[in-house]
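The block underneath contains the structure these notes are about, expressed in structure tokens.
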Amino acid sequence: MPHMISKSKFSTAMVMACLAVTATSTNVMAEQAPPAWPVNVPAVPTKFDWLLLKNGELLAGDLISMYQDKVEFDSDEFGIVTIKMKKIAQIRSRSIMSIRLDNDEVHEGQLLITEDSVSFINKPKVNIPRNTLLTIAASAKSGESLWDGSISFGMNFKSGNSERFDYTAQAHASRLTATSRMTFNYTGIFAEVEDPDSGDTVKTEENHRFNGAYDWYYSRDFFFRLPSVEYYTNEFTNIEHQLTTGVAAGYKIYDLADSKWDVFVGPSVQYTKFDQVSNGEKEDDSSPVLVVGTDYERDITDDIEYFFSYNAKFVSTDSGSIIHHLETGVEVEVINDFDIELTAIIDSVEDPIPNEDGVLPEATDVLFIVSLKYSF
């Protein structure tokens, strides 16, 4: 009679065999598991500032500022990046930073920002709700520079039956503190062509515009510009020198993570020295001015930003009646600290001033610029 194995014994043997295979597979998987991530971030930063995004990305470098819910961070590997505050889980600074709250309080220390609160590594008793944070800037106590800026350059050259050379240069610098912002901007435009008859080079465009402003933040929505200064020269619109200085009050219509819209208005004084005038006409003019303007920015994507800036100066008839200046375009992030800018600049004078021959300059100038921008 053949040897019989009971059903219960057979089932028990099968279970034991399966457990043995499972245990062996688990041990093999444990032996083959990848090592832990080699990330060593000190609790108290000493070499870098650290920025942790909500998706888990971690950046090491220098925290520059936070303004209008956007953080500028100089990554050690990727250069200057701009990140929306809503995407950030934590910030830890090695340097003393200055912050301003929406109730006008200013605090300084080594920042420790979480998703809910703002505190200081060197002041553990201070704890502030994160939603009251208005600005972040380097503190003078940190020894770090409070300045940042950018330069851009565009050029167009054509040769062959005719030759043409254009270039534009732009520069921007700003100094941001927890309570104020100082800005300086410069735009220079130059163009020349070859005269087909004489072969001589003829200048067809040259103008320079410089402006500076000091903005004091009164609250989250209001700011005062005390003062603003603009210098402009353009011989092709019959302006040898033009200087405008004044004050303004500004208001943020909205300030979102991906867009902002400001408006401002204020009185100024303008002095204009004309390049050429007809006999018996004044060579210069001083005029009271009312300046009205707006600035708008919107992030189309994480790498593309649209900008629009416009101001109108209401002046005397002898100075042009109404002077318009508009700049609009897109900025495309390329790599690290370099961007490509596509810009349209429109300048218009309601009542242009005739030159010594009685010829009126064109009322409107339109310029399109493609330039490479470097931020530092």
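All of the numbers you see were taken from the coordinates with simple rules; none came from a lab. Remember, predicted model here, so these are calculated numbers, not experimental data. Cβ: placed from backbone, ideal geometry, glycine included. Neighbour counts: every protein chain shown.
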Chain lengthening between W216 and S278 when straightened (0.36 nm per residue, less Cα-Cα):
18.0 nm
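Please give the net charge around S278, taking every other residue with its beta carbon less than 11 angstrom from that of S278, where Lys and Arg add +1 and Asp and Glu add -1. It would help to have the intermediate numbers written out before the result.
On the way: positive: K282; negative: E281, E283, E356, D357.
So the environment of S278 carries a net charge of -3.
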What's the Cα-based Rg to Rh of region 147-375, Rh via Kirkwood?
0.99
Determine ³J(HN,Hα), in whole Hz, for all residues of region 90-95 in sequence, where each value follows from phi through the Karplus function 6.51 cos²θ - 1.76 cosθ + 1.60 and θ = phi - 60°; x replaces Gly and Pro.
8, 9, 10, 10, 8, 9
Positive-end extreme of charge dipole, the chain - chosen from I253, N238, T168 (charges on Cβ)
I253
Can you tell me which aspartates and glutamates have their Cα less than 17 Å from the Cα of K125? Leave out same-chain residues fewer than eight positions away.
E105, E108, D116
For helix 7-32, report the angle its Cα long axis makes with the longest principal axis of the Cα atoms of the chain; keep it between 0 and 90° and round to the nearest 10°.
40
If we count other beta carbons within 10 Å of each Cβ, what is the order of S228, S348, fewest first?
S348, S228
Can you give me the distance in nm between label points at I304 and M182, each placed 7 Å from the Cα along the Cα-to-Cβ direction?
3.7
Computed about the Cα centre, the charge dipole of the chain from +1 Lys/Arg and -1 Asp/Glu charges at the Cβ has a magnitude in debye, to the nearest 20, of 3460
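Efficiency by 1/(1 + (r/R0)^6): what FRET value for D76 and T317, r their Cβ-Cβ distance, R0 = 51 Å, to the nearest 0.05?
For R0 = 51 Å, the calculated efficiency reads 0.35.
How high is the FRET efficiency from N103 to W147, r the C-beta distance, R0 41 Å, rounded to 0.05? Show your work: numbers first, answer last.
Values: r = 28 Å, r/R0 = 0.67.
According to the calculation, E is roughly 0.90.
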Return the sequence-ordered ³J(HN,Hα) values of region 291-304 in whole Hz as given by the Karplus equation 6.51 cos²θ - 1.76 cosθ + 1.60 applied to θ = phi - 60°, using x for Gly and Pro.
9, 10, x, 8, 10, 9, 9, 8, 7, 6, 9, 5, 10, 10
Spin-label pair K84/K252, simplified geometry with 7 Å Cα→Cβ offset, distance in nm
1.5
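Please give the length that would be gained between L326 and S286 if that part of the chain were fully extended, namely 0.36 nm times their separation in residues minus their C-alpha to C-alpha distance (nm, one decimal). Walk me through the intermediate numbers first.
Values: separation 40, 0.36 × 40 = 14.40 nm, distance 2.32 nm.
Full extension of this stretch gives 12.1 nm more.
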Using the Cα centre of region 49-140 as the reference point, and only Cβ charges (+1 on K/R, -1 on D/E), how large is the resulting charge dipole? Debye, rounded to the nearest 20.
260
Can you give me the distance in nm between label points at V44 and H241, each placed 7 Å from the Cα along the Cα-to-Cβ direction?
5.7
